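**Student:** I have a structure here, written as C-alpha cells, and I will follow up with some questions on it.
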Amino acid sequence: AELGDTLLYLDNVTVSFDGFRALNALSLVLEHGEMRAVIGPNGAGKTTMMDVITGKTRPDEGEVMFDRTVDLTRLDEPAIAALGIGRKFQKPTVFEPHSVWDNFLLALAGDRRPRFTLWARETAEERDRIEELLVLTRLQEVRHHRAGDLSHGQKQWLEIGMLLAQDPQLLLVDEPVAGMTDAETAQTAELLRAINRTHSVVVVEHDMDFVRALGVKVTVLHEGSVLSEGSIDHVSADPRVVEVYLGR
Ligand code: ADP
C-alpha cells in the first residue's frame, strides 16, 4: 500500500508502568477503509494500545500518527475524539431509561441536544438516519423499548450504532462479543462487516470464531509487541502464536 492510504500509524510505541513495558516497540499500520482484528492473550497490551490511540495514555517512546499528518501523542482525549476517533468499551454505556430511538437521537445530536430536550421533535434528516441505524443494528422491532430492557447483545449493537451515529473516521471496538451467544456473535461479525463498507475499524477480541467470521487481517500481540500478522489462517498456523496460546 502507498503511504497515502495510511489512516493510523504506530511506530515503535513503548509504554512503561514502573519499568514494566505494557507496550514494547509496538508498530501497526492501518489503511484507510481497513478493518483490523487485534488479538492476544491477557496482558498482551491490547487495552494499552487502545489507550494510546485515544490519548488516555501517553507513550514514553514512539510515533502515533493519524491520517498521516496528526501527531496523536500531542493531543488529549477530547481533542482526539473530536478528530473522529470513536471508542466503544467492553461494557455498554447506553442511556438505560430512554428508548432505543431516543438513544440514537441523543447520539446523533451529540452535545447539541442535551437529554432534557428530548421532547423536541427530531428533524426529518435525523429520522432518516435513525431508521438506517435501526436497520443496520437490527433493532427495528425494539425501537420503542427502553435500552435498559434490551438483551446484552442488543445493548452492544445499540452502542455500536450510537458510535456510528457520530460518524467517526475510525471506530475502536473493545471485545464486542464477550458474553454473547453464538448467534449474537455471528450477528455482530455481520454488523461490523457492514460498518466496514464505509468506515475504518480496529476491533480487539479474544473470540477466534468471531475473528474468523470477520475475515480481515489479524494482528497478534504478545508482551507488548506484534508477534504475528496476516490472515487468521496464517496467524493461527504460526508456531509462535500456537506456543503463546497453547503453552510450550
Ligand atoms: P490486554 O488488554 O491485552 O489484556 P493490557 O494492555 O491491559 O493488556 O495490559 C498489558 C500489561 O500492562 C499487563 O501486564 C498489565 O498488568 C499492565 N498494565 C496495564 N495498565 C497498567 C497500569 N495502569 N499500571 C500498571 N500496569 C498496567
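**Student:** Has region 49-61 got at least one residue that is modelled with pLDDT under 95 and out of contact with any Gly (no Cβ under 9 Å at 6 or more places or on another chain)?
**Tutor:** no
**Student:** Have a look at 173, 242, 202, 177 and point out the one that is among the aliphatic types (A, V, I, L, M) and surrounded by fewer than 19 Cβ atoms within 10 Å (Cβ to Cβ). It would help to see each step written out before you state the result.
**Tutor:** Working: 173 fails: surrounded by fewer than 19 Cβ atoms within 10 Å (Cβ to Cβ); 202 fails: surrounded by fewer than 19 Cβ atoms within 10 Å (Cβ to Cβ); 177 fails: surrounded by fewer than 19 Cβ atoms within 10 Å (Cβ to Cβ).
Going through 173, 242, 202, 177 in turn, the sole match is 242.
**Student:** Same structure, new question: Say whether the condition of being in contact with a His (Cβ under 8 Å, 6 or more places away or on another chain) and either within 14 Å of the ligand (Cβ to nearest atom) or farther than 15 Å from residue 85 by Cα (or both) is met by at least one residue in region 8-23. If you could, list the steps in order and put the result at the bottom.
**Tutor:** As a first pass, look at region 8-23 and keep what is in contact with a His (Cβ under 8 Å, 6 or more places away or on another chain): none.
Scanning region 8-23 turns up no residue that is in contact with a His (Cβ under 8 Å, 6 or more places away or on another chain) and either within 14 Å of the ligand (Cβ to nearest atom) or farther than 15 Å from residue 85 by Cα (or both).
**Student:** Could you count how many residues in region 52-79 are outside any strand (DSSP E or B), among the hydrophobic types (A, V, I, L, M, F, W, C) and more than 28 Å from residue 153 (Cα to Cα)?
**Tutor:** Initial filter on region 52-79 (outside any strand (DSSP E or B)): 52-60, 67-69, 72-79.
Next, only the ones that are among the hydrophobic types (A, V, I, L, M, F, W, C) stay: 52-53, 72, 75, 79.
From the residues that got through so far, the ones that are more than 28 Å from residue 153 (Cα to Cα) too are 72, 75, 79.
The total comes to 3.
**Student:** Do you know which residues across region 211-245 are touching a residue at least 40 places away in the same chain (Cβ under 8 Å), within 16 Å of the ligand (Cβ to nearest atom) and of a type outside the set (Val, Ile, Thr)?
**Tutor:** Answer for region 211-245, where residues must be touching a residue at least 40 places away in the same chain (Cβ under 8 Å), within 16 Å of the ligand (Cβ to nearest atom) and of a type outside the set (Val, Ile, Thr): 221, 222, 223, 224, 225, 227, 245.
**Student:** Let me ask you something else. Restricting attention to region 165-181, which residues are closer than 28 Å to residue 67 by Cα and either out of contact with any His (no Cβ under 7 Å at 6 or more places or on another chain) or assigned to a loop (DSSP other than H, G, I, E, B) (or both)?
**Tutor:** Looking only at region 165-181, we keep the residues that are closer than 28 Å to residue 67 by Cα, and these are 165-176.
Correct list: 165, 166, 167, 168, 169, 170, 172, 173, 174, 175, 176.
**Student:** Assigned to a loop (DSSP other than H, G, I, E, B), in contact with a helix residue (DSSP H, G or I) (Cβ under 7 Å, 6 or more places away or on another chain) and under 15 Å from residue 225 (Cα atoms) - does that describe any residue in region 10-17?
**Tutor:** no
**Student:** Go through region 45-81 and give me each residue that's within 16 Å of the ligand (Cβ to nearest atom), at positive phi and touching a strand residue (DSSP E or B) at 6+ places or on another chain (Cβ under 8 Å).
**Tutor:** Just the residues of region 45-81 that are within 16 Å of the ligand (Cβ to nearest atom), to begin with: 45-62, 64, 77.
Next, from what is left, pick out any that are at positive phi: 45, 55, 62.
45, 62, listed by residue number.
**Student:** Being surrounded by 17 or more Cβ atoms within 10 Å (Cβ to Cβ), of a type in the set (A, V, I, L, M) and either closer than 20 Å to residue 13 by Cβ or more than 19 Å from the chain's Cα centre (by Cα) (or both) is the filter here, so list the residues in region 205-239 that pass it.
**Tutor:** 218, 220, 221, 226, 227, 235
**Student:** Residue by residue through region 182-197, note down the ones that are over 16 Å from residue 138 (Cα atoms) and either assigned to a helix (DSSP H, G or I) or at pLDDT below 95 (or both).
**Tutor:** To start, the set of residues in region 182-197 that are over 16 Å from residue 138 (Cα atoms) comprises 182, 196-197.
Result: 182, 196.
The values are calculated or read from the model by the stated rules, or taken from the named source; none is laboratory data. From a predicted model like this one, the values you see are computed outputs, not experimental measurements. Every residue, glycine as well, gets a Cβ built from its backbone with ideal geometry; the counts of neighbours run over all protein chains shown.
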